[in-house]
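The values are calculated or read from the model by the stated rules, or taken from the named source; none is laboratory data. Please read all numbers here as calculations on a predicted model, not as lab measurements. Cβ sites come from the backbone with ideal geometry, for glycine too, and all protein chains shown count toward neighbours.
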């Protein structure tokens, strides 16, 4: 009988047993937090480390794919690919987005960014205090007492 391409039961048992001694890059506390947040409860540290190992592998694959996109983008720039003066690669958001898309993760920027805590309220200028702009002073800010 030929052996299948997968792992047999003994190899899996040895691998799972070795996880108790392995310390992945992603900390156990972080994995435990996100597992609990998703509703998964398990006291076995080997399961947490297996999830951390899978996440580490996923991140490494995405980074390698993004790196290949950055290299191909750099070589596509006319004149840049032939010059060896500046060999630094810059990983852009577009490179990461393309790599994640290949793994089924859709990354989108939010439609807007809030500049201040209160949207739509004009920011106070340094030359005029908030009271002169028709706004109430910020609580906790030092203001002069009103004279009657």
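Side notes on the structure shown:
- Failed item, numbered, when residue 41 is tested on (1) at pLDDT below 95; (2) surrounded by 12 or more Cβ atoms within 10 Å (Cβ to Cβ): (2)
- Contact map, the range 103-117: residues that are under 20 Å from residue 59 (Cα atoms) paired with residues that are at pLDDT 75 or above, Cβ distance under 6 Å, separation 6+ or inter-chain. Pairs shown: 107/97; 107/100.
- Scope the range 18-58; condition in contact (Cβ under 8 Å) with a residue 24 or more places away in the chain and in a helix (DSSP H, G or I); matching residues: 28, 31, 45, 46, 49, 50, 52, 53, 55, 56, 58
- Selection status of residue 11, without any contact (Cβ under 8 Å) to a residue 60 or more places away in the chain, more than 24 Å from the chain's Cα centre (by Cα) and part of a helix (DSSP H, G or I): yes
- Any hit, the range 16-36, residues being crowded, with 16+ Cβ neighbours inside 10 Å and more than 19 Å from the chain's Cα centre (by Cα): yes
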